[in-house]
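Single-structure report; data block below.
The values are calculated or read from the model by the stated rules, or taken from the named source; none is laboratory data. These numbers come from a predicted model, not from an experiment. Glycine also receives a Cβ, built like all others from the backbone with ideal geometry; neighbour counts cover every protein chain displayed.
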Amino acid sequence: MQDKILKTSQKILMIGWIILLHMILYFLVNLINSKRPESDFFIYSLSIDKSLPYLSWTWTIYYFGDVYITIGAALIVWRLNSKEFKNAILVYTGMIFSGALIQVLFPAQAPWPEKIAPSHLFFHDLVKMKPFACFPSMHVALAVFPACLLFSITKNKLIRILSTTTAALISISTVTLKEHYIMDVLSGLVLALIFHAVWIALSKEKTVQLQET
């Protein structure tokens, strides 16, 4: 019983570490990039970005993403066995650090509209949103990665469809809400896929080692 309580506590602490790490690095990257001159920033806008409308109502999807990438992802990771769970925490840590490093090396600003809708602005202020941590979109990476994990741990078609749809809608909302350019979204997607591949490789390696033992 005590061992179970200890393992549960360790899991909670590890998941808390990932959430805290993301928040700290998000604000740190914004702080660093906010002090840079305008000439330092890259513009990742494509011609299609300009033709996409600003849909203020999609804040409902975008900010649901915050719930999904914290509570939803935590529940998904919780289902993993001990070794897969530890691998996931390791990979999450690497992905978040890598994303933050890229954001500092290739700084970009969010394409916020000149006039932000009141409901959108309310949540901006509520979560202290800043426009200097955009490429890659960690909102996208952190939505796609748990969906990838679900593909690895379940063959249930409905769950796979729901997780993929959720990740897709969150990713699309980052563009329609003018929080990111399409290139930011694609880079976040690639980042998630790369680290999911790393998670698979680590999990397979552990399995092989156990079988050989």
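Under the condition of being closer than 23 Å to residue 177 by Cβ and either β-branched (Val, Ile, Thr) or touching a strand residue (DSSP E or B) at 6+ places or on another chain (Cβ under 8 Å) (or both), which residue from region 53-99 is surrounded by the fewest Cβ atoms within 10 Å (Cβ to Cβ)?
67
Condition first: in contact with a Phe, Trp or Tyr (Cβ under 9 Å, 6 or more places away or on another chain) and either surrounded by 19 or more Cβ atoms within 10 Å (Cβ to Cβ) or among the aliphatic types (A, V, I, L, M) (or both). Now tell me which residues in region 100-109 satisfy that. Lay out the reasoning, then the answer.
The initial filter retains those residues of region 100-109 that are in contact with a Phe, Trp or Tyr (Cβ under 9 Å, 6 or more places away or on another chain), namely 100, 102-103, 106-109.
100, 102, 103, 107, 108, 109 - these are the residues of region 100-109 that are in contact with a Phe, Trp or Tyr (Cβ under 9 Å, 6 or more places away or on another chain) and either surrounded by 19 or more Cβ atoms within 10 Å (Cβ to Cβ) or among the aliphatic types (A, V, I, L, M) (or both).
Going by what's in this entry, would residue 172 be described as closer than 19 Å to residue 74 by Cα, of a type in the set (Val, Ile, Thr) and either under 13 Å from the mean Cα position of the chain (by Cα) or surrounded by 15 or more Cβ atoms within 10 Å (Cβ to Cβ) (or both)? If you could, list the steps in order and put the result at the bottom.
On the way: closer than 19 Å to residue 74 by Cα: no; of a type in the set (Val, Ile, Thr): yes; either under 13 Å from the mean Cα position of the chain (by Cα) or surrounded by 15 or more Cβ atoms within 10 Å (Cβ to Cβ) (or both): yes.
The answer is no for residue 172.
From the residues in region 186-204 that are touching a helix residue (DSSP H, G or I) at 6+ places or on another chain (Cβ under 6 Å) and over 13 Å from residue 93 (Cα atoms), which one is surrounded by the fewest Cβ atoms within 10 Å (Cβ to Cβ)?
Of the residues in region 186-204, the ones touching a helix residue (DSSP H, G or I) at 6+ places or on another chain (Cβ under 6 Å) are 188-189, 191-192, 195-196, 198-199, 202-203.
Checking which are over 13 Å from residue 93 (Cα atoms) leaves us with 188-189, 202-203.
Values: 188: 27, 189: 20, 202: 17, 203: 20.
Filtering region 186-204 for residues that are touching a helix residue (DSSP H, G or I) at 6+ places or on another chain (Cβ under 6 Å) and over 13 Å from residue 93 (Cα atoms), the one surrounded by the fewest Cβ atoms within 10 Å (Cβ to Cβ) comes out as 202.
In region 124-151, how many residues are in contact with an Asp or Glu (Cβ under 9 Å, 6 or more places away or on another chain) and modelled with pLDDT under 90? Even if it seems obvious, please write down each step before you answer.
The first filter runs over region 124-151 and keeps only residues in contact with an Asp or Glu (Cβ under 9 Å, 6 or more places away or on another chain), leaving 127, 129, 131, 134-137, 139-140, 149.
With modelled with pLDDT under 90 added as a condition, the list becomes 127, 129.
Of the residues in region 124-151, 2 are in contact with an Asp or Glu (Cβ under 9 Å, 6 or more places away or on another chain) and modelled with pLDDT under 90.
Taking the condition modelled with pLDDT of 95 or more and surrounded by 15 or more Cβ atoms within 10 Å (Cβ to Cβ), does residue 116 pass?
So residue 116 fails the test.
Does residue 98 satisfy being under 21 Å from residue 134 (Cβ atoms) and assigned to a loop (DSSP other than H, G, I, E, B)?
Values: under 21 Å from residue 134 (Cβ atoms): yes; assigned to a loop (DSSP other than H, G, I, E, B): no.
So residue 98 does not fit the description; no.
Between a residue in region 46-63 that is in contact (Cβ under 8 Å) with a residue 60 or more places away in the chain and any residue that is aromatic (Phe, Trp, Tyr) and surrounded by 12 or more Cβ atoms within 10 Å (Cβ to Cβ), which pairs come within a Cβ distance under 8 Å, given they are 6 or more apart or on different chains?
These pairs meet every condition: 46/181; 49/181; 59/123; 63/123.
Only one of (1) more than 23 Å from residue 32 (Cβ to Cβ); (2) β-branched (Val, Ile, Thr); (3) under 17 Å from the mean Cα position of the chain (by Cα) fails for residue 127. Which number is that?
(1)
If only one of 75, 80 is in a loop (DSSP other than H, G, I, E, B) and over 18 Å from residue 58 (Cα atoms), which one is it? Outline the logic, then answer.
Values: 75 fails: in a loop (DSSP other than H, G, I, E, B).
So the residue among 75, 80 that is in a loop (DSSP other than H, G, I, E, B) and over 18 Å from residue 58 (Cα atoms) is 80.
Among the residues of region 23-42, how many are surrounded by 11 or more Cβ atoms within 10 Å (Cβ to Cβ) and in a loop (DSSP other than H, G, I, E, B)?
2
Residue check: is residue 155 out of contact with any strand residue (DSSP E or B) (no Cβ under 6 Å at 6 or more places or on another chain), surrounded by fewer than 17 Cβ atoms within 10 Å (Cβ to Cβ) and on the phi > 0 side of the Ramachandran plot? Can you show your working first?
Details: out of contact with any strand residue (DSSP E or B) (no Cβ under 6 Å at 6 or more places or on another chain): yes; surrounded by fewer than 17 Cβ atoms within 10 Å (Cβ to Cβ): yes; on the phi > 0 side of the Ramachandran plot: no.
No, not satisfied.
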